[in-house]
Amino acid sequence: MRLPEVSRTVEVPDDITLSLTGKVVSVKGAKGSLTRDFSFATIDIASEGKNVRISAKWPRKKEAALVGTIYSHINNMIVGVTKGYSYKLKIVFSHFPISVKMQGKSLVIENFTGERRPRSVEILGGVKVQIEPDDIIIEGINLEDVSQTAANIEQSTKVRKKDPRVFLDGIYVYERNEGMA
């Protein structure tokens, strides 16, 4: 049975400026600004005073799910411009010492399981990366860029053609935070 309407309302804090142009949402806060285009969505996004209402009339299952998804994206944008996001990754090795360094807009991993060729990972968007002796700290205001960069780094050190029970070397995510460290 289809519902006549599915809607969610995003509560916008006082210290945030949220503007809506068509289906393009822009959020400005203390840490910066983010813009996202939801024009692909077949739902309504409307401004109600300071808040934003996301709704769908007589939605199918996909449209009803899309209301919640866009609600979460806008909330993540608000959290990003107020607190930011940070991921911490641990550099783990037992056989060959891994060295990690920044080269321009990419992270270079050398001597992973004794390989001669370095592995390179592109840093997405406006993400900041700090390299400490045993840790890598990734910070930014866009959750998608921060989490995808962390996932790319973790995936780049996936062990192949060796016994994964013996070779536990790699770079692993061990902490996720709202609010930069």
(Q) Checking the condition in the same structural domain as S106 (by TED's automatic domain parsing), among the hydrophobic types (A, V, I, L, M, F, W, C), under 11 Å from L89 (Cα atoms) and touching a residue at least 40 places away in the same chain (Cβ under 8 Å), which residue from I137, I141 passes? (A) I137
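Please work out if G68 is under 23 Å from the mean Cα position of the chain (by Cα) and loosely packed, with under 14 Cβ neighbours inside 10 Å.
Against the criterion (under 23 Å from the mean Cα position of the chain (by Cα) and loosely packed, with under 14 Cβ neighbours inside 10 Å), G68 qualifies.
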(Q) With the requirement that a residue be within 26 Å of the chain's Cα centre (by Cα) and without any contact (Cβ under 8 Å) to a residue 40 or more places away in the chain, what does segment 161-178 give you? (A) none
Q: Among the residues of segment 20-44, write down those that are exposed (fewer than 13 other Cβ atoms within 10 Å of the Cβ) and assigned to a strand (DSSP E or B).
A: T21, T35, D37
Q) Looking at this structure, is G126 surrounded by 14 or more Cβ atoms within 10 Å (Cβ to Cβ), of a type in the set (G, A, S), under 20 Å from L34 (Cα atoms) and outside the structural domain of H73 (by TED's automatic domain parsing)? A) no
Q: Please find, within segment 82-129, the residue that is farthest from K31 (Cα to Cα) out of those that are among the hydroxyl-bearing types (S, T, Y) and touching a strand residue (DSSP E or B) at 6+ places or on another chain (Cβ under 8 Å).
A: S99
Q) Could you give every pair whose Cβ atoms fall below 9 Å, whose first residue belongs to segment 47-61 and is on the phi > 0 side of the Ramachandran plot, and whose second residue is in a strand (DSSP E or B) and surrounded by 12 or more Cβ atoms within 10 Å (Cβ to Cβ), counting only separations of at least 6 or pairs across chains? A) W58/E5
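The values are calculated or read from the model by the stated rules, or taken from the named source; none is laboratory data. Quick caveat, the model's predicted, so the values are computed rather than measured. Here the Cβ is made from the backbone with ideal geometry for all residues, glycine too, and neighbour counts use every protein chain on show.
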